[in-house]
Amino acid sequence: MMMTTTQFAAYIGLDWEQEAHSVCVLPGAGGVAQQGEVKHDPDGIANWVAELRQRFGGQPVAICLEMSRGGLVYALMQYDFLVLYPINPKQLSDYRAALYPSGAKNDPNDAELLARFLRDHNDKLRAWHPDDAVTRGLRLMTEQRRKWVQDRVALTNELQQRLRESYVLALDFCGDDLWSESFLALLEKFPSQRELQRASPKQLEKWLPKKRRKADDPPADELLRQRIAAVRKAKPLTADRAVLDHARLVVANLVLMIRALNRAITESDQTIAELFAQHPDAPVFESFPGAGKALAPRLAAAYGTDRDKFPEAEDMQQLSGIAPITRASGKTKVVQMRWACPKFLRQTFHEYALASAKYSSWAKAYVAMRKAQGHRYQEIIRGLAFKWQRILTRCWKDRQPYDERRYLQRLREHGSKLIAYLPPEPEPAT
């Protein structure tokens, strides 16, 4: 039996398209579904919203759309009478498959399915309420920074491969940091081994790195002399002009792209630091061991400032994909990883768990205990993230910074198995 409700004046499904979004409007009081389109530009969206306001007298209107369409969510969040329900794309896919398994061409379009899904099941969905401006800024900037870092890793991997093919000498000077400004400046000045070997002694003294990379390296002056000598006697891997000319062009342009990403990451770090300094919960999240300048803002962006958003730690554990899914059938029960989740959110807690194991004594003990029990490392880190989410949520709800000594004391009072893996308590001073 179809569930009906008159909570909203209308239930709208909005399906993203490149130029014009498909729309299906189901009146809350019943009636025929109306199909339409909304142009993907500020005027088109504003005109459509004005028509909705006039048609339904400013009464609340519910809109269902896929959560991956963040730009559309931000465009609609400014209108007070619209209540947004972003859903996971997999929810829509499963709903479509359940009702129309054949996938026939005359099946309802996605806009209509979204509207019907919202109307019939809105009591099981959670309306989206925008976080404050600082939290939204942190969320956007930290996710963008992560993307730029991933892009830089991909480009430096390609640069390393190109250098191995035609300019191995340069790799001897960079150490492990192919995106350092000093190394990139060297490659920009001398994008090929041939050009480096043609440089004058004064140019080499100016551009070659002088920093010692290993403890047994000679003093800086002697190290520089050794590097100049290495440049003079180096042999090219190939004399094929086509290969060398191509490699030079690729190296020169990879350097430009990596340096641009370096600047973007530096600027984003500054913006993130400024935003985080304004966040009311900054003292809470920067108190966690290992969070630091990179992860504390990401944790703050994950939780936001609305305490009603995550009533229990379980809500964040499930949303972030850290909590596993248990599937039972008859006598069979399978526990597996939760894949349908915001990937960046899951990465945030996974990376924090990794970092915490270096700075928190109980987190380090937890990893040691689970290793001794024979668990896989990635499973251990997810389990550690699961535990941290309970602590994070409690501190966030109470607006209280984390206290490692207090938590260790609670573990001892409850006789936790972790105690056996903790370092011994220091002897009291006499």
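The values are calculated or read from the model by the stated rules, or taken from the named source; none is laboratory data. Because the structure is a prediction, the values reported are computed rather than measured. A quick note on method: Cβ atoms are made from the backbone with ideal geometry, for glycine too, and the neighbour counts reach across all protein chains shown.
Here is a list: D131, D172, D177. Which entry is over 24 Å from F344 (Cβ atoms) and not in a helix (DSSP H, G or I)?
D177
Mind checking which residues of the range 225-248 are basic (K, R), under 12 Å from R194 (Cβ atoms) and assigned to a helix (DSSP H, G or I)?
R241, R248
Report yes if some residue within the range 141-148 is among the acidic types (D, E) and buried (at least 16 other Cβ atoms within 10 Å of the Cβ); otherwise report no.
The answer is yes; a qualifying residue exists.
Kindly indicate whether W179 is within 21 Å of L159 (Cβ to Cβ), surrounded by 14 or more Cβ atoms within 10 Å (Cβ to Cβ), modelled with pLDDT of 85 or more and assigned by TED's automatic domain parsing to the domain that holds T156.
Yes: the conditions hold for W179.
Looking only at the range 238-262, filter to residues that are under 42 Å from the mean Cα position of the chain (by Cα) and farther than 17 Å from F190 by Cα; which one of those is surrounded by the most Cβ atoms within 10 Å (Cβ to Cβ)?
Within the range 238-262, the match that is surrounded by the most Cβ atoms within 10 Å (Cβ to Cβ) is L261.
What pairs come up if the first residue lies in the range 401-420 and is farther than 20 Å from A296 by Cβ, the second is among the hydroxyl-bearing types (S, T, Y), and their beta carbons are under 9 Å apart, counting only those six or more places apart or on different chains?
L408/S361; R410/S416; L418/Y366
Please determine whether any residue of the range 82-95 is part of a helix (DSSP H, G or I) and of a type in the set (G, A, S).
yes
Across the range 389-410, what is the number of residues that are over 23 Å from the mean Cα position of the chain (by Cα) and closer than 17 Å to A353 by Cβ?
Matching residues across the range 389-410 total 3.
Looking at (1) in a helix (DSSP H, G or I); (2) farther than 30 Å from D177 by Cα, find the lone condition where Q78 falls short.
(1)
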